[in-house]
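Note sheet for the following structure.
The values are calculated or read from the model by the stated rules, or taken from the named source; none is laboratory data. Just so we're clear, the structure is a prediction, and the values are computed from it rather than from any experiment. FYI the Cβ positions are ideal-geometry reconstructions off the backbone, even for glycines, and counts take in every protein chain you see. These accessible areas exclude ligands, DNA and RNA; they are computed on the full protein's heavy atoms, side chains included. Shrake-Rupley method; radii C 1.70, N 1.55, O 1.52, S 1.80 Å.
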Amino acid sequence: VVLDRQGRVEFFNRASETLSGFSANEILGQSLIEKLIPPEEKKRVNQFIASLSDPTIPGQNENHWLCKNGEKRLISWNNGRLLDENGDILYLIGTGIDITEKTEIEENLRITSFAINNAAIGAFLIDQDGTIQYVNKKACHQLGYTPDELIGQPLSLIDRQYLVNESSWQVLKEHQTV
């Protein structure tokens, strides 16, 4: 996306069209902030764009676009400045990456990790060789070990009867537990 010094869209590529649902013809000459930025973010994005007149301010930013279908997409921006002979901004050139799904996955992973780590029962993750890859707080408390003492060790350290073999993995696949 390329903006003039008033924040009007001068260039809107196919990727921007696909993501936003707007054609370049619907966007060109329009204020990017008025057309694509959700109301609750307009002030902050305006302030960020204004701050880009200071060349010491990094050009990275994240904000949502409000797409034509009403969906919000989170965009991570790297912004450059094209200056005139006096050093004033002629154009802002933004390269954005849609990070909506990445951000949602990261949040789900944080929630899952918190839930497993704080579960009321002991939980382990082991690899196919029977090596402990993760252990939660409850398991450590129950066994009297720290995570550092367990991670990387064979499961047989705490369960001498446990032997890693094909039948163990078959049971796991069928019953989701060993």
Those residues of region 4-26 that are under 19 Å from Asn79 (Cα atoms) and either at pLDDT 95 or above or open to solvent by 50 Å² or more (accessible area, probe 1.4 Å) (or both) come to a total of 14
Would you say Tyr145 is assigned to a loop (DSSP other than H, G, I, E, B) and either among the charged types (D, E, K, R) or surrounded by 13 or more Cβ atoms within 10 Å (Cβ to Cβ) (or both)? yes
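Rundown of residues vs (1) in contact with a strand residue (DSSP E or B) (Cβ under 6 Å, 6 or more places away or on another chain); (2) exposed (fewer than 15 other Cβ atoms within 10 Å of the Cβ); (3) at pLDDT below 95; (4) closer than 30 Å to Gly59 by Cβ, yes/no style:
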| residue | (1), (2), (3), (4) |
| --- | --- |
| Ile97 | yes, yes, no, yes |
| Glu107 | no, yes, no, yes |
| Asn118 | no, yes, yes, no |
| Gly122 | no, no, yes, no |
| Ile126 | yes, no, yes, no |
| Asp129 | no, yes, yes, no |
| Ile132 | yes, no, yes, no |
Checked against (1) more than 23 Å from the chain's Cα centre (by Cα); (2) under 19 Å from Thr18 (Cα atoms), Leu66 satisfies every condition except (1)
Per the filter on region 108-140, residues over 26 Å from the mean Cα position of the chain (by Cα), part of a loop (DSSP other than H, G, I, E, B) and under 14 Å from Ile158 (Cβ atoms) are Gly122, Ala123, Gly130
Within region 1-11, residues being hydrophobic (A, V, I, L, M, F, W, C) and either within 13 Å of Ile97 (Cα to Cα) or part of a loop (DSSP other than H, G, I, E, B) (or both) number 1
**Prompt:** Is it the case that Ser156 is modelled with pLDDT under 90, at negative phi and among the hydroxyl-bearing types (Ser, Thr, Tyr)?
**Reply:** yes
